[in-house]
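**Q** One structure follows; several queries about it will come next.
The values are calculated or read from the model by the stated rules, or taken from the named source; none is laboratory data. Note that the structure is predicted; figures quoted are calculated from it, not measured. Quick reminder, even Gly has a Cβ in these numbers, built from the backbone with ideal geometry, and neighbours come from all protein chains shown. Remember, those area values only see protein heavy atoms, side chains included, never the ligands or the DNA or RNA. Shrake-Rupley method; radii C 1.70, N 1.55, O 1.52, S 1.80 Å.
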Amino acid sequence: MNNKSYIVIELSDTNLVLFSQVDQQSAQSMRRNLANTQGLLSYRVTPSFVTDSSLPIVGDVMNQTEALALMATSDWSTPDPE
């Protein structure tokens, strides 16, 4: 398991992200849900925009296991063909 934290944000809020404080380089490199309305950010040190609540997050801060479980849901990935 890694020591990263993960958050989901609305893609309409990406202008509030300081990408120098997260693992992703830009809004284009974020993992997105299938509806293309939310994105996933990961980080090792809590970004200032999370600490000061200037960026609203969807749900709670997650660990890797929780983030992988979210990514496996039908909102974030298509089922494998049988």
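**Q** When the accessible area of the chain is computed with all protein chains present and a 1.4 Å probe, what percentage of it is carbon and sulfur?
**A** On the way: 2540 of 5150 Å².
Ligands and nucleic acids excluded, carbon and sulfur give 49 percent.
**Q** Leaving out ligands and nucleic acids, note down the accessible area per residue over the chain with a 1.4 angstrom probe, in whole Å². The partial results should precede the final answer.
**A** Details: 5150 Å² over 82 residues.
Accessible surface, normalised per residue, equals 63 Å².
**Q** Let me ask something additional. Compute a Gaussian network model of the chain, connecting alpha carbons closer than 10 Å, and tell me which residue from THR51, THR37, THR65 fluctuates the most.
**A** THR51
**Q** Quick check for me: using +1 on Lys/Arg Cβ and -1 on Asp/Glu Cβ, what's the dipole size of the chain about its Cα centre, in debye to the nearest 20?
**A** 260
**Q** Around SER54, what is the net charge, scoring Lys/Arg as +1 and Asp/Glu as -1 over all other residues with Cβ under 14 Å from its Cβ?
**A** Result for the local shell: -3.
**Q** Please give, to one decimal in nm, the separation of the simple spin-label points placed at GLU82 and ASN15, each 7 Å out from Cα toward the Cβ.
**A** 4.7
**Q** Viscosity 0.692 mPa s, temperature 37 °C: what is the translational diffusion coefficient of the range 16-62 from Stokes-Einstein with a Kirkwood Rh over Cα pairs, rounded to a whole number of µm²/s?
**A** 290
**Q** In addition: Tell me the mean residue ellipticity at 222 nm calculated for the chain from its helices only (DSSP H runs of n ≥ 4, each -39500 (n - 2.57), averaged over every residue, nearest 500).
**A** The helix contribution divided over the chain gives -3500 deg cm²/dmol.
**Q** Here are a few candidate values for Rg and Dmax of the Cα atoms in Å: (1) 19.2, 63; (2) 12.6, 46; (3) 21.6, 75. Which one was actually calculated from the structure I just gave you?
**A** Entry (2).
**Q** For GLN38, which sequence-distant residues (separation of 5 or more, or a different chain) have an amide H within less than 5 Å of its own amide H, given hydrogens modelled in the peptide plane?
**A** Those lying under 5 Å, H to H, from GLN38 are LEU11, ASN33.
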